[in-house]
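J.: Pasting in a structure now, in structure tokens, and then I'll have a few things to ask.
The values are calculated or read from the model by the stated rules, or taken from the named source; none is laboratory data. As the structure is a prediction and not an experimental result, all values here were calculated from the model. Glycine gets a Cβ as well: all are built from the backbone with ideal geometry, and neighbour counts include every protein chain shown.
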Amino acid sequence: MGCHQWIYPYELYPTHVRGTGGGFTTTISRIASAISTFFFPLLLSQLGLSITLYIAGGLLFIGFIVSYFLAPETKNMNLTEAATITKA
């Protein structure tokens, strides 16, 4: 799931904003990683290992569901075609 930010945005953003968009998604990913790294030990000490891992698994599942239903398919498309599907 962590490699999603490195590949997918660069396929979807139009060429003129591709670098900025990729940088933005990487920044958001880094901020989320820092927040989760801070909260993991707190959750672990308060809730225990099982509940903490269920929460992590639930968040990953939510991410999967959102990606499955909202992310457009880019298979067999060139970059220009993939960038145009996000404008609809």
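J.: Take the residues in segment 74-88 that are not in a helix (DSSP H, G or I) and not basic (Lys, Arg); name whichever of them is modelled with the lowest pLDDT.
T.: Ala88
So that you can scan it fast, the table gives a plain yes or no per residue for (1) under 30 Å from Thr15 (Cβ atoms); (2) touching a residue at least 12 places away in the same chain (Cβ under 8 Å):
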{"position": "Phe39", "(1), (2)": "no, no"}
{"position": "Gln46", "(1), (2)": "no, no"}
{"position": "Leu49", "(1), (2)": "no, no"}
{"position": "Thr52", "(1), (2)": "no, yes"}
{"position": "Phe61", "(1), (2)": "no, no"}
{"position": "Val66", "(1), (2)": "yes, no"}
{"position": "Phe69", "(1), (2)": "yes, no"}
{"position": "Glu73", "(1), (2)": "yes, no"}
{"position": "Asn76", "(1), (2)": "yes, no"}
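J.: Right, here's the next one. For residues in segment 38-79 being of a type in the set (Val, Ile, Thr) and in contact with a helix residue (DSSP H, G or I) (Cβ under 8 Å, 6 or more places away or on another chain), which is nearest to Ile7 (Cα to Cα)?
T.: Thr74
J.: Next question. Considering only segment 24-77, how many residues are of a type in the set (Gly, Ala, Ser) and within 13 Å of the chain's Cα centre (by Cα)?
T.: Matching residues across segment 24-77 total 6.
J.: Helices (runs of 4 or more DSSP H) wholly in segment 1-73 with at least 2 residues that are β-branched (Val, Ile, Thr) and modelled with pLDDT of 85 or more - which ones?
T.: Answer list for segment 1-73: 18-47, 49-70.
J.: Let me ask something else. List every residue pair whose Cβ atoms sit under 6 Å apart, with the two residues 6 or more apart in sequence or on different chains, where the first one lies in segment 11-27 and is farther than 13 Å from Leu79 by Cβ and the second, anywhere, is in a helix (DSSP H, G or I).
T.: Hits for this filter: Thr25/Gln5; Thr25/Pro9; Thr26/Gln5.
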